[in-house]
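Presented below is the structure to which this report refers.
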Amino acid sequence: MGISIPGAATSAPYPPWVLLPPALLAVSLAWGATRLLHWRRQWSQAASLVALFLGLALPALTFYPAAVAQADTTKRHIVETRMAPQAIRQRDEVQATVRRAMTQVDAVPGLADLVRSQAPPAAGQVRRSTPFSSGRRPIWPHTG
């Protein structure tokens, strides 16, 4: 049986031990608060600073397992609800985008003549401009 935490990303319960350390710390501090305040008057300044530091650090340390469980639950929820459907649709979306771009490029008037008008590069040379990037008639701005 797990503990359901309000505001959690999903309804998945946390392990029951997650909130045990903070609860035990709260009970022990409440039980010994008056005793600690009485002893603090007799402590040195260094001991008071150490007690203040522990008062700030212990709650953070005891809530660390709960924070890790919350982060894990939230991460799993995001992967399951947002990223998995995107990954499933990715192939179809890329194929649709490529088909749309091919249709737009094929619709450019005089495309075949433009490609044929380019002379092949000399042996050992790399062509710096292509029919698609030459300054005479750019093709790519016609695709969306």
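Read-outs throughout are calculated quantities, based only on the coordinates presented, and are distinct from any laboratory measurement. Everything numeric here is computed off the predicted structure, so don't read it as measured data.
Observations, loosely collected:
- Contour minus Cα-Cα distance for LEU54 and ALA101 (0.36 nm per residue): 10.7 nm
- For segment 20-82, the C-alpha radius of gyration divided by 2.2 N^0.38 Å, with N the number of residues, is 1.63.
- For the pair ASP72 and ARG35 in one chain, pulling the backbone fully straight at 0.36 nm per residue adds 9.5 nm over the alpha carbon distance.
- Under the Karplus curve 6.51 cos²θ - 1.76 cosθ + 1.60, θ = phi - 60°, whole-Hz ³J(HN,Hα) for segment 65-74, x wherever Gly or Pro sits: x, 5, 5, 5, 5, 5, 5, 5, 5, 5
- Using θ = phi - 60° and Karplus 6.51 cos²θ - 1.76 cosθ + 1.60, couplings along segment 102-109 (whole Hz; Gly, Pro as x): 4, 4, 5, 5, 5, 7, 5, x
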